[in-house]
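This report refers to the structure that appears directly beneath it.
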Amino acid sequence: MLFIFGTAIQKTFSQQPAIKKVGDLDATSKPVYYNLEKGITVDETDTAKTGWDLSFQRTTLTLQAAAGGQLLENSDFEKIEHAPSTGYAFGKNAIPNGSGKSWYLYNVDNHTVNPISGKFILIHTASGKYYKLIIDSYYKTEQDGPSGYYTFRYMEITPGSLTK
């Protein structure tokens, strides 16, 4: 509460959640389980406890059974502030696999995996939160590094209409 000349003025500050960035997440040999809310990887022995939202293994992304996901195409990651409350597929097959069907394209000429520009994932977690997630790279540190190392950004968003 702020008082100006004896009048109380309610001041409200809107605090936008920050975009979180994860770099070089090693998904080369076994699944890596990730908790979006806590921003941490989850030990494989703890995965039966549903303390994870998303797993990474090579080019495959898998959601926890009670989590939903959908791919958005031809969209600007930065501009999406709200997630639809419907349209999610749940569990293991929520995020399709394969070049062009998922988040990436495989280039047969140079054998590289590259994220599709304008394509990202909306996730509705088992705990009821919504996130947007975009894969920035599939290579350690830079394009010439080894494959299977994810760099991605994500942030929590509110349910509602996709547009402002």
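The values are calculated or read from the model by the stated rules, or taken from the named source; none is laboratory data. Quick caveat: nothing in here was measured; it's all calculated off a predicted structure. Here the Cβ positions follow ideal geometry from the backbone for every residue, glycine too, while neighbour counts run over all protein chains shown.
What is the one condition in (1) touching a residue at least 24 places away in the same chain (Cβ under 8 Å); (2) at positive phi that residue 98 does not satisfy?
Result: residue 98 fails condition (1) only.
Of everything in segment 43-80, what is in contact with a strand residue (DSSP E or B) (Cβ under 6 Å, 6 or more places away or on another chain), modelled with pLDDT under 85 and among the basic types (Lys, Arg)? Give them in sequence order.
none
Conditions (1) within 14 Å of the chain's Cα centre (by Cα); (2) free of Cβ contacts under 8 Å to residues at least 60 places away in the same chain; (3) over 22 Å from residue 22 (Cα atoms), marked per residue:
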| residue | (1), (2), (3) |
| --- | --- |
| 63 | yes, no, no |
| 74 | no, yes, yes |
| 80 | yes, no, no |
| 90 | no, yes, yes |
| 102 | yes, yes, no |
| 108 | no, yes, yes |
| 117 | no, yes, no |
| 125 | yes, no, no |
| 130 | yes, yes, no |
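Specify the residue that is surrounded by the fewest Cβ atoms within 10 Å (Cβ to Cβ); the eligible residues are those in segment 72-94 that are part of a loop (DSSP other than H, G, I, E, B) and of a type in the set (A, V, I, L, M).
Top of the filtered list is 80.
Please enumerate the residues belonging to segment 102-123 that are assigned to a loop (DSSP other than H, G, I, E, B) and either surrounded by 12 or more Cβ atoms within 10 Å (Cβ to Cβ) or acidic (Asp, Glu) (or both). Give the steps one after another, and end with the answer.
Here is the first cut: in segment 102-123, the residues assigned to a loop (DSSP other than H, G, I, E, B) are 102-103, 108-111, 116-119.
Within segment 102-123, 102, 103, 109, 116, 118, 119 meet the criteria.
Looking only at segment 21-36, filter to residues that are small (Gly, Ala, Ser) and surrounded by fewer than 16 Cβ atoms within 10 Å (Cβ to Cβ); which one of those is nearest to residue 140 (Cα to Cα)?
23
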